[in-house]
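Below is one structure; the comments refer to it alone.
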Amino acid sequence: MALILGIESSCDETAAAVESRAGEELSSVVATQVETHGKNGGVEPELASREPLRSIVPVGGGGVEEAGVGWKELSAVAVTSGPGLVGSLLVGLTYAKALSMVRGLPLIGVNHIEGHIHAVVLEARRSGGEIELPALALVASGGHTHLFEFAEAGKYRLMGKTRDDAAGEAFDKVAKLLGFGYPGGPVLDMLAPHGEADAVRLPMSKMKGNALDFSFSGLKTAMLRWTQGRAMEGEIVARRALQKLHARPTLEQWLAVTPQETLDAVAAFQQVVVEELLKRVEKAVEETGARSVIVAGGVACNAGLRSAARSGRVACPVYFPTVHLSTDNAAMIAAAAWPKYERGEFDDLTLKAQANLSLA
Ligand code: KG4
Ligand code: ZN
């Protein structure tokens, strides 16, 4: 059986996974530093690159060990070369290059965004299907909000991207503003169903030029204005205190320190983000005649987005990764490397870490 070892260290997570061509995951090890970052309210580049240094060797070795295979059974080593934080990327890249050299394994550099898209392709394959092409891929995470046309493996056309914040970043910033901690997406998502979205009016973006571009800065400003209009110090102090007591407060604990008004604002905010994303997807499907839509990246976990996308308003099937494959992981890096392996697209030891590596 041909196997690829994938390595990912572009930002928050250091991960390794061993995977077969058919998408069988023999192992997937993820060392996360969300808790380290949580205390500081966001990703800190300095910390982000120190953590993977500590974990890369145990994680990489653990990936192979957990797969129950020997190093000799690997066909290639695939690694994220960008986009991401250069300091973090370099750690994974150096490790993969060393393996390539010492074990004589072909080296395959993978774009992190292509990895997110392939997480979904991989799961479709695992359940015996294939995603029908041409497809559209919406990648929405803490760092990106990009809409691609994906006509065949390795061929992407950028149709739209954010002009300011990424969708996940908007969730994180608004959560911080309201005292919900980091990462913000999962908490706001959990609370949104408990608010009345129509009770708070928030603006949709107006795009000049490419109507498929995204913008979340106006929404963020509107949320800031909303907080300025009310006395929120008490509830924010209570939420901060809650986070000092519990690393991951439960829904009931959050609800106990969040008044209805704030829940309404959270629901309204999430509804606008979901609308901003889906409106463009619908439009792009109409324009391209795409036969499927892939939604990937951390924001693909969002329950509001999932149910709205599957309500029938998009004219073709919409695929989401399972939660386990929506956040950063290495299985998706190995999955994206398979088509390259088959085309014989290998990299040499000059492969560079690129903070702004683009897909199209
Ligand atoms: O893809 P990812 O794990 O890391 C990168 O940014 O590459 O995405 C993390 C982002 C964070 O901004 C987080 O708040 C957001 O995804 N996120 C969510 C949800 N879960 C994670 N946003 C909205 N709803 C969620 N359920
Ligand atoms: Zn990511």
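The values are calculated or read from the model by the stated rules, or taken from the named source; none is laboratory data. These numbers come from a predicted model, not from an experiment. Cβ atoms come from the backbone with ideal geometry, glycine included; neighbour counts cover every protein chain shown. Side chains are part of the model used for accessible areas, which takes the heavy atoms of the whole protein and leaves out ligands, DNA and RNA. Shrake-Rupley method; radii C 1.70, N 1.55, O 1.52, S 1.80 Å.
Values as computed for the structure displayed
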| read-out | value |
| --- | --- |
| Gyration tensor verdict on segment 130-210 (Cα atoms; rounded if a/c is under 1.5, prolate if a/b is larger than b/c, oblate otherwise) | prolate |
| Portion, in percent, of the accessible area of the chain that falls on carbon or sulfur, probe 1.4 Å | 54 percent |
| Förster radius 41 Å - calculated FRET efficiency between TRP71 and ARG50 (Cβ-Cβ, nearest 0.05) | 0.90 |
| Centroid-to-centroid separation of segment 132-157 and segment 242-296 [C-alpha atoms, Å] | 20 Å |
| Potential lengthening between ALA2 and ARG291 on full extension [0.36 nm per residue; Cα-Cα distance subtracted] | 101.0 nm |
| Crossing angle, helix 167-177 versus the chain [Cα axis fit, 0-90 degrees, rounded to tens] | 50 degrees |
| Average accessible area per residue (Å²) across the chain - probe 1.4 Å, nucleic acids and ligands excluded | 42 Å² |
| Between 0 and 90°, nearest 10: helix 233-245 axis offset from the chain longest Cα axis | 30 degrees |
| Partners for LYS97 among aspartates and glutamates (Cα-Cα distance below 14 Å; same-chain residues under 8 apart left out) | GLU8, ASP347, ASP348 |
| Nearest-20 debye value, the chain charge dipole, Cβ charges on Lys, Arg, Asp, Glu | 560 debye |
| Within segment 135-316: Cβ-based charge dipole about Cα centre, in debye rounded to nearest 20 (Lys, Arg +1; Asp, Glu -1) | 300 debye |
| Size-normalised alpha-carbon gyration radius of the chain, reference 2.2 N^0.38 Å | 1.00 |
| Long pairs among LYS206/LYS244; LYS161/LYS340; LYS283/LYS352; LYS173/LYS206; LYS220/LYS244, criterion Cα-Cα beyond 32 Å | LYS206/LYS244; LYS283/LYS352 |
| In nm, spacing of pseudo-spin labels at ARG230 and MET101 (7 Å Cα→C-beta vector) | 5.8 nm |
| Kirkwood-type radius of segment 273-360, with distances r between different C-alpha atoms, in Å | 15.4 Å |
| Relative frequency of Cα-Cα separations exceeding 28 Å in segment 135-316, percent | 25 percent |
| About the Cα centre, charge dipole magnitude for segment 264-360 (Lys/Arg +1, Asp/Glu -1 at Cβ), debye | 240 debye |
| Backbone N within segment 316-360 under 18 Å of label point (7 Å from GLU132 Cα along the Cβ vector) | 316-320 |
| Which of PHE269, ILE113, GLY23, positive extreme of dipole for the chain (C-beta unit charges) | PHE269 |
| Cβ-Cβ FRET estimate between LEU255 and ARG313, R0 fixed at 30 Å, reported to 0.05 | 0.50 |
